[in-house]
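In what follows, a single structure is set out as structure tokens and then discussed.
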Amino acid sequence: AGAFLHRNNYVENLSKEELSNPESQFFNNFDQISFENSLMVENISEYINYNNDSLLADMDYFRGFYKFGKRSFVGVSFIGSSKIFYGNDVNILPNVVLDTSNGSIVISDNVKIEPSCYIVGPVYIGKDTVIKAGTRIYPNTSIGNNCKVAGEISNTILQSFVNKQHEGFLGHSFISEWVNLGAGTNNSNLKNNYSNVGLRLEENEIKTNKLFMGLFCGDYSRTAINTKFNTGTVCGISSMILTSDFPPTSISSFSFGGERDSPKYDFPKAIATIKAIMSRRNKDLLPVAEELLESEFNNIK
């Protein structure tokens, strides 16, 4: 259950139990909206499974917000018959190929696509994002706002403010906000024995029943250059991955190194780094976010 609250609706006096219980008196004050045929996501891997259908379904939604057609960008090639949706102030430089043979491409406001990029829909590119020269983006990829993207990306969700400015492969992956992937960071999305991929979330093993599954990386984590991730790796929040070998497939939050025996990141230093990262994009770390980070830090065994 959820509720949309205007800023004048105050809930300070409500307990967490009341807010988390859909049958509490608090929710009786709102009109109920039923979502028919909605998908229930049980674990993070399912976002990858459902992204293709979600992108295709969202195209009707984008008709009301974006222009579509084949605009006359100089030196840009168009393949396929599906629509390309554009926001305002889109800048696509020469030698870019936009392929809609498998689905539409949505390019939001103030996106810049540098030369020699190849983008195959269905793909969504959020506003204020830069697609660096030579990037290859393949179907079922969603890129959030204010990202910097390069390399090869397929079947992947990048949330906002992700920094992936250099070569490296991301496949069937979910990358959370404010993650920085160093040059040459790669992930495997297929096991050598072609068996289904399992994910480990804390003490729980998830059977995805999928052959392809990549990296799941929490907010504020960073990787050193040439970092390599095994199939189905889960990395917590605010970790610094420094190991030259494959890190384990389950990496704790606030790991300073990424190995099983790596020490915990010093919390004040971790917060100082997060604030420095966000300030470069003129953003501040909210006190409530810092409290959540501290709670996660204190829960690490």
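The values are calculated or read from the model by the stated rules, or taken from the named source; none is laboratory data. Given the structure is predicted, the values throughout are model-derived calculations rather than measurements. Note: accessible area is taken over every heavy atom of the protein model, side chains too, but ligands, DNA and RNA are not part of it. Shrake-Rupley method; radii C 1.70, N 1.55, O 1.52, S 1.80 Å.
Antiparallel beta bridges, as assigned by DSSP with both residues in segment 111-175, represent about 0 percent of the total such bridges. For segment 232-301, the relative contact order is 23 percent, taking Cα pairs closer than 8 Å that sit 6 or more residues apart in sequence and dividing their mean separation by the residue count.
Shape of segment 140-187 from the C-alpha gyration tensor: oblate (a/c of 1.5 or more and a/b not above b/c, with a ≥ b ≥ c the square roots of its eigenvalues). Given a cut-off of 28 Å, name the pairs among K228/K264; K127/K275; K210/K283; K164/K210; K228/K269; K132/K264 whose C-alpha atoms lie farther apart than that in the structure shown. Result: K210/K283; K132/K264 exceed 28 Å. For the chain, the share of accessible area belonging to carbon and sulfur comes to 48 percent (1.4 Å probe, ligands and nucleic acids excluded). Dividing the mean sequence gap of close Cα pairs (under 8 Å, 6+ apart) by how many residues the chain holds gives a relative contact order of 8 percent. When both bridge partners sit in segment 173-272, DSSP labels roughly 30% of those beta bridges antiparallel. Computed from backbone phi, the HN-Hα couplings of segment 106-123 come to 10, 10, 7, 4, 6, 8, 10, 10, 7, x, 6, 9, 10, 10, 10, x, x, 9 Hz, rounded to whole numbers (Karplus: 6.51 cos²θ - 1.76 cosθ + 1.60, θ = phi - 60°; Gly and Pro given as x). Rounded, prolate or oblate, given the Cα gyration tensor of segment 27-151, with a/c below 1.5 counting as rounded? Prolate is the answer for segment 27-151, as a/c is 1.5 or above and a/b outweighs b/c. Dividing the helix sum by the residues of the chain, where each DSSP H run of 4 or more adds -39500 (n - 2.57), gives a mean residue ellipticity at 222 nm of -5000 deg cm²/dmol.
Just the number, please: percent antiparallel of the DSSP beta bridges in the chain, rounded to the nearest 5. Just about 15 percent of them are antiparallel.
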